[in-house]
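All remarks here apply to the structure that follows.
Nothing in this text is a laboratory measurement; each read-out follows from the coordinates by a stated rule. In this text, all values refer to a predicted model and were calculated from it rather than measured experimentally. No Cβ is skipped: glycine too gets one built from the backbone with ideal geometry, and neighbour counts run over all protein chains shown.
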Amino acid sequence: MAAVHESVLDAIGGTPLVRLARLGAGIAAPIYAKVEFLNIGGSVKDRAALSMVLAAERDGLLKPGGTIIEATSGNTGIGLALVGRQRGYRVIAGVADKASAEKSDILRAYGAEVVLAPTAVPAEDPRHLFNVVQRLAEEIPGAWLANQYDNLANPDAHIRTTGPEIWAQTGGRVTHFVAGVGTGGTVTGTGSYLKEASGGAVTVVGADPEASTYGGGDGSPWYVESIGHYLHPDTVEDRQPQALRAEVIDSYERIPDRESLLTVRRLSREEGLLAGPSSGTAVAAALRVARRLGPDDLVVVVLPDSGRSYLSKVHSDAWMREWGFLEEGSTLRTLLDAAGPLVTVDADATVGEAVELLRDAPGGVAPVVLKRAARPYGVAAAEVAGSASREVLAAALAEGAAKPGDPLGALVGPALPTVGVGQSPDEARAVLGEAHGAVLVLVDGRVAGVLAREVLR
Ligand SMILES: Cc1ncc(COP(=O)(O)O)c(C=O)c1O
């Protein structure tokens, strides 16, 4: 029988482990999911929020009438709103503007105030989410910035609760622990507890989006919210969170976005577990790990939050097609193959260099993209800064409005509209409208090619 609690705060933690029997079929090592979306606020972050607020009260950083401020993908904000409001504080959540709208709505419902700010700008940019919340914390009297990335009460929550729960629930049989890495609190706290309890026998695996820098990616954008480490090419100093202790992680599994997203869709359909995309990355990693193990091993994987916050994203077929993650029966794929190699123009190119590049571009247009040293994963849609047109540049040169050595600057046009490779030519024509001569076609959220208006007829 379920417990009776005098406060919702006592109902944080104590989540079940559920065997992934269908996804794990044919794999000798059992895989158990730690269902963290069954926490009272809906995510693993309830644990960190409670731990951080109690520590701040204990350390005198948070006093009656105080304000809790945090930059959060949503879940930490929900945890802080839930805990903070219960304990009588004002709560302000700074949310990344790319996070799903549902997350902000939930925060407001719990009584938090929401401030939206970008994260896809250099870390030094005053508009960057972290700088926005930092300023608020300095301006508001009695404000306390929870700072989950550097707050050691975050991993400590998992040393005291998540780790011991998993050890007890598996009767000490757990051999491998797999979790996504955002602040690193979950993997560091749970991992270090399990290593200590097992005398060093438990292997800890970080599940990381392929492009994230944690596991060795280039830090370009990816499509799984709340995990991984992004790096804007103009960021000067890249800081690692103090909540993450790198030595606790034995290895990383680097998971491409498509594998993460398709795995979380299988998790709801085949296991009855409606989870968010970071659970897809974690389960995809757990499946890879478990395939290499035997029947005496036991893998535990964390499902951090529920799929209810992502019904208009990963759990929507339309969204999956728009970003090029689903493509059955695609006709755009055939057109794309015929269009020739993708041409892109770096945002810091000169007019002369752009004209040269545009010589072979379909439709005489190409996306202008944020410059990176190398592009092992292609250009993510979020890295497209605009478009360059052969016609516009040639006219500017002919009229003397620009010289070949000038930066592209003012001659960069609006970004071309995008379609997913799984959408139809009709849909591509619809997004094209009257204003554009071409569309960008996305495969796995990355620009795979440009289709000119003419070839879509
Ligand atoms: C959905 C989701 N997955 C994974 C994580 C990563 O957890 P941690 O910050 O403990 O590394 C978070 C953290 O915000 C999250 O919200």
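A few notes on this one:
- Whole-Hz ³J(HN,Hα) from phi, Karplus 6.51 cos²θ - 1.76 cosθ + 1.60, for region 119-127, glycine and proline x: 10, 8, 9, x, 4, 7, 5, x, 7
- Using only side-chain charges placed at the Cβ, +1 for Lys and Arg and -1 for Asp and Glu, the dipole size of the chain relative to its Cα centre rounds to 980 debye.
- Region 296-400: C-alpha gyration tensor shape, a/c 1.5 cut-off, then a/b vs b/c: prolate
- The alpha-carbon of LYS313 sits under 26 angstrom from the alpha-carbons of these lysines, leaving out residues fewer than 8 places away in its chain: LYS34, LYS45, LYS98, LYS103.
- Residue order, fewest to most beta carbons within 10 Å, for THR76, THR175: THR175, THR76
- Amide H within-cut-off set for SER387, under 5 Å, with H built and near neighbours excluded: VAL368, GLY413, ALA415
- Each Lys and Arg contributes +1 and each Asp and Glu -1, all at the Cβ; summed about the Cα centre of region 62-172, the dipole is approximately 340 debye.
- Mean separation of Cα contacts under 8 Å, 6 or more apart, over the residue count of the chain: relative contact order %: 14
- Anisotropy class of region 45-145 from Cα gyration tensor, a/c 1.5 cut: oblate
- Segments 3-9, 232-238 sorted - mean Cβ within 10 Å per residue, highest first: 232-238, 3-9
- Counting beta carbons within 10 Å around each of GLU253, GLU399, GLU391 and listing the fewest first gives the order GLU399, GLU391, GLU253.
- Amide H contacts of VAL115 (H built 1.01 Å from N, under 5 Å, at least 5 apart or other chain): ALA93, GLY94, VAL95
- Stretchable slack from LEU311 to LEU116, in nm (0.36 nm times residue separation minus alpha-carbon distance): 68.1 nm
- Cα→Cβ-extended label distance, 7 Å offset, between SER198 and GLU328, nm: 3.8
- Sites ASP105 and ALA410, calculated FRET efficiency, Cβ-Cβ separation with R0 35 Å, nearest 0.05: 0.35
- Based on C-alpha pairs under 8 angstrom that are at least 6 apart in sequence, region 294-441 has a relative contact order of 29 percent.
- Per-residue extension of 0.36 nm, minus the Cα-Cα distance of GLN86 and SER424, leaves a gain of 116.7 nm for this segment.
- Gyration tensor verdict on region 194-301 (Cα atoms; rounded if a/c is under 1.5, prolate if a/b is larger than b/c, oblate otherwise): oblate
- With 0.36 nm allotted per residue and the present C-alpha distance subtracted, the ALA382-ALA394 stretch has 1.6 nm of extension available.
- Here region 134-160 is scanned for amide nitrogen atoms under 14 Å from the site 7 Å beyond the Cα of LEU54 along Cα-to-Cβ, giving 153-160.
- Listed values for region 234-250 are Karplus-derived 3J(HN,Hα) couplings in whole Hz (6.51 cos²θ - 1.76 cosθ + 1.60, θ = phi - 60°), namely 8, 5, 8, 10, 8, 8, 9, x, 6, 5, 9, 10, 4, 5, 6, 8, 6, and x replaces Gly and Pro.
- Simple spin-label estimate for LEU17 and ALA338 gives 5.6 nm between the two label positions (7 Å along the Cα-to-Cβ direction from each Cα).
- Under 18 Å from the Cα of LYS63 - aspartates and glutamates, other chains or at least 8 residues apart: GLU138, GLU139
- Ordering of 43-49, 16-22 by packing is 43-49, 16-22, highest average first (other Cβ atoms within 10 Å, averaged per residue).
- Cα lying deepest toward the dipole's positive end in the chain, options VAL345, GLY184, TYR230, charges on Cβ: GLY184
- Radius ratio Rg over Rh of the chain, counting only Cα atoms, Kirkwood formula for Rh: 1.01
- ARG375 long-range amide H proximity, modeled H, under 5 Å: none
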